[in-house]
Amino acid sequence: MAETIREVIDTTTAAMLRARGSYKWTAPGPGGFGAAVAEMDFGAAPPILDALAGLSADAKFGYLPPPLADELAAACADFQQRRYGWEVDPALVHNVPDVLKALEIAITRFSRPGSPVILPTPAYMPFLTVPKFLGREIIQVRMRGDAGLFTFDLDAIDDAFWAGGHLLIFCNPYNPLGRVFTAGEMAQLTDVVDRHGGRVFADEIHGPIIYPGLRHVPYASTSATAAAHTLTATSASKAWNLPGLKCAQVILSNEPDRQRWEEMGFFAAHGASNPGVAANIAAYRHGEAWLDEVLGYLDESRRLLAGLLGRHLPQVRYRPPDGTYLAWLDCTAMDLPGSPGELVTERAHVTVVDGPAFGAGGPGAFRLNFATPHPVLAEIVERIAAALRPA
């Protein structure tokens with residue numbers, strides 16, 4: 001009898017993960033534990049492996065053919081409707097190599113030239129570097145936190161628009177804080193953006209990773225006003241663990257943006273790979289059963305982490321995330337001799353992402369990836385506890 005996904009995951013050891021040779025597990029060095037890079041340790045969905053095997057058998061390693069790109073657009077649009085209830089015209093779905101390329105396009109082609117980029121923080125690390133690389137100032141707007149529940153500081157966002165900001169980066173589900181924003185929260189944000197004639201880059205790459213009792217609502221689907229100022233970026237890469245295959249999608253939601261995209265040169269969005277496109281199609285069309293099993297496991301993981309922290313590190317503040325498999329661990333109540341993420345990486349040999357890398361609001365915390373087998377997660381927390389406890 002074939003093993004279940006759970007049985008395969010729970011019998012996977014840290015040594016086996018190191019032997020696979022991923023960046024996540026080789027970066028910590030011999031004997032180290034990987035919990036920094038946003039990858040899951042759960043293998044791949046069989047339909048994706050079948051799709052890649054078929055691509056290889058046919059040696060489809062040339063340039064991306066238009067019919068395959070069209071198939072991806074249709075599969076992505078179908079998934080948006082089926083999973084989230086968002087009706088998307090496949091003609092408005094465009095492939096790009098990754099979400100960061102989508103952000104580059106949003107900044108250079110769809111925001112006011114030279115205008116600052118508005119970024120709620122703590123923020124996904126590259127969002128703090130890509131705008132600067134493109135010659136743009138970043139206006140950081142720190143999220144409001146109340147007992148671990150983070151919400152937008154709408155007054156500060158309003159001030160950022162008054163200061164000249166034009167494009168707001170909106171990450172939902174939120175990396176690294178784990179929030180899944182409500183329709184009401186997004187309506188309030190829409191009002192602020194619309195009042196200033198601003199734009200929104202909606203990073204929804206973690207959209208499929210939502211836990212029971214919550215649902216992902218695409219920002220552009222919330223109102224005609226939101227649709228008129230939004231570029232949405234998504235991909236199967238996080239939910240099905242495909243980032244190395246280089247494929248994401250930009251979803252347009254208004255006519256002026258469609259026209260502007262058509263005016264862009266071919267190379268402005270060039271770079272999605274044939275394997276990435278084939279894998280995304282397979283994920284969207286045939287990968288939901290695998291995903292739902294993995295989500296059940298991750299739901300247990302986020303709660304297991306709460307129990308482990310309560311037992312070993314009760315001073316660490318942690319709110320189980322609404323979405324994503326990333327935990328934000330606030331260590332500000334601890335009297336530590338240094339930055340917690342650095343201490344964990346150096347002393348415990350567990351690689352995490354230290355809080356300052358996420359911008360304002362990050363110091364004193366770190367991000368931990370819990371998408372790993374439960375026995376491995378338990379050992380990771382025990383190592384972290386030993387590293388952070390007073391000598």
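The values are calculated or read from the model by the stated rules, or taken from the named source; none is laboratory data. Fair warning: this is a prediction, and the values are worked out from it, not measured in the lab. Glycine gets a Cβ as well: all are built from the backbone with ideal geometry, and neighbour counts include every protein chain shown. These area figures cover heavy atoms from the full protein model, side chains too; ligands, DNA and RNA do not enter into them. Shrake-Rupley method; radii C 1.70, N 1.55, O 1.52, S 1.80 Å.
Listed values, structure above:
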{"item": "Partner aspartates and glutamates for LYS246 [C-alpha distance under 12 Å; skip if fewer than 8 residues away on the same chain]", "result": "ASP98"}
{"item": "P(r) weight above 15 Å for the stretch 7-54, C-alpha pairs, percent", "result": "51 percent"}
{"item": "Relative contact order (%) - criterion: Cα under 8 Å, at least six apart; region: the stretch 268-376", "result": "22 percent"}
{"item": "Inverse mean reciprocal Cα-Cα distance (Kirkwood Rh) of the stretch 101-150, Å", "result": "11.7 Å"}
{"item": "Contour minus Cα-Cα distance for VAL8 and ARG20 (0.36 nm per residue)", "result": "2.9 nm"}
{"item": "FRET efficiency, HIS349 to ASP191 (Cβ-Cβ, R0 41 Å, nearest 0.05)", "result": "0.30"}
{"item": "Fraction of antiparallel bridges per DSSP, the chain only, in percent to nearest 5", "result": "55 percent"}
{"item": "Gyration tensor verdict on the stretch 65-194 (Cα atoms; rounded if a/c is under 1.5, prolate if a/b is larger than b/c, oblate otherwise)", "result": "oblate"}
{"item": "Simple spin-label estimate for ALA386 and ARG260 in nanometres, 7 Å along Cα-Cβ", "result": "5.4 nm"}
{"item": "Computed E for GLU87/ALA360 - FRET, C-beta separation, R0 45 angstrom, nearest 0.05", "result": "0.75"}
{"item": "Quotient of Cα Rg and 2.2 N^0.38 Å for the stretch 165-248, N being how many residues it contains", "result": "1.11"}
{"item": "Charge-dipole axis of the stretch 228-272 as Lys and Arg at +1 and Asp and Glu at -1 on Cβ define it, positive-most pick from ILE251, LEU231, GLY271", "result": "GLY271"}
{"item": "ILE139 long-range amide H proximity, modeled H, under 5 Å", "result": "VAL117, ILE118, LEU119"}
{"item": "Magnitude of the charge dipole, the stretch 240-391, Cβ model with Lys/Arg +1 and Asp/Glu -1, debye to 20", "result": "300 debye"}
{"item": "Residue-by-residue Karplus 3J(HN,Hα) for the stretch 27-38, coefficients 6.51, -1.76, 1.60, Hz, glycine and proline x", "result": "4, x, x, x, x, x, 10, x, 9, 9, 5, 7"}
{"item": "Rg to Rh, two decimals, where the stretch 266-318 supplies the alpha carbon set and Rh follows Kirkwood", "result": "1.31"}
{"item": "Charged-residue dipole, Cβ positions (Lys, Arg, Asp, Glu), the chain about Cα centre, Debye nearest 20", "result": "680 debye"}
{"item": "Cβ-derived FRET efficiency at R0 56 Å, HIS270 paired with ASP146, nearest 0.05", "result": "0.80"}
{"item": "P(r) histogram, all alpha-carbon pairs of the chain included - 20 Å bins from 0, percent", "result": "28, 59, 13, 0"}
{"item": "Cα-based Rg / Dmax (Å) for the stretch 31-87", "result": "16.1, 48"}
{"item": "Estimated [θ] at 222 nm from DSSP helical runs (n ≥ 4, -39500 (n - 2.57)) normalised by residues in the chain, nearest 500", "result": "-11500 deg cm²/dmol"}
{"item": "J(HN,Hα) series, the stretch 115-130, from Karplus relation 6.51 cos²θ - 1.76 cosθ + 1.60, nearest Hz, glycine and proline x", "result": "6, x, 9, 8, 10, x, 10, x, 10, 3, 3, x, 5, 8, 10, 4"}
{"item": "Per-peptide average of other Cβ atoms within 10 Å, ordering 289-299, 49-59, 7-17, 376-386 highest first", "result": "376-386, 289-299, 7-17, 49-59"}
{"item": "More than 18 angstrom apart: percent of Cα pairs within the stretch 330-391", "result": "31 percent"}
{"item": "Contour excess over end-to-end distance, with Cα ends at ALA163 and GLU342 and 0.36 nm allotted per residue", "result": "61.0 nm"}
{"item": "Bins of 10 Å, starting at 0 and running to the largest distance - Cα pair percent for the stretch 216-303", "result": "15, 34, 35, 14, 2"}
{"item": "The chain, accessible surface, carbon-and-sulfur percent (1.4 angstrom probe)", "result": "54 percent"}
{"item": "Peptide ranges 64-72, 242-250 listed from the most packed, as the mean C-beta count within 10 angstrom indicates", "result": "242-250, 64-72"}
{"item": "Inter-part distance where the stretch 93-116 and the stretch 220-239 are each reduced to a Cα centre, Å", "result": "13 Å"}
{"item": "At 1.002 mPa s and 20 °C, Stokes D of the stretch 235-391 from Kirkwood alpha-carbon radius, µm² per second", "result": "118 µm²/s"}
{"item": "Cα extents of the stretch 154-196 along the three principal axes, largest first (Å)", "result": "28, 20, 15"}
{"item": "Cα lying deepest toward the dipole's positive end in the chain, options LEU149, THR345, ALA327, charges on Cβ", "result": "THR345"}
{"item": "Full-stretch length increase - ALA57, ALA156 - with 0.36 nm per residue and alpha-carbon distance subtracted", "result": "30.2 nm"}
{"item": "Once the Cα gyration tensor of the stretch 305-356 is diagonalised, semi-axes √(5λ) in Å", "result": "18, 14, 11"}
{"item": "Cα shape, the stretch 121-183, gyration tensor, a/c 1.5 rule", "result": "oblate"}
{"item": "Surface per residue (accessible, 1.4 Å probe) for the stretch 140-253, Å²", "result": "32 Å²"}
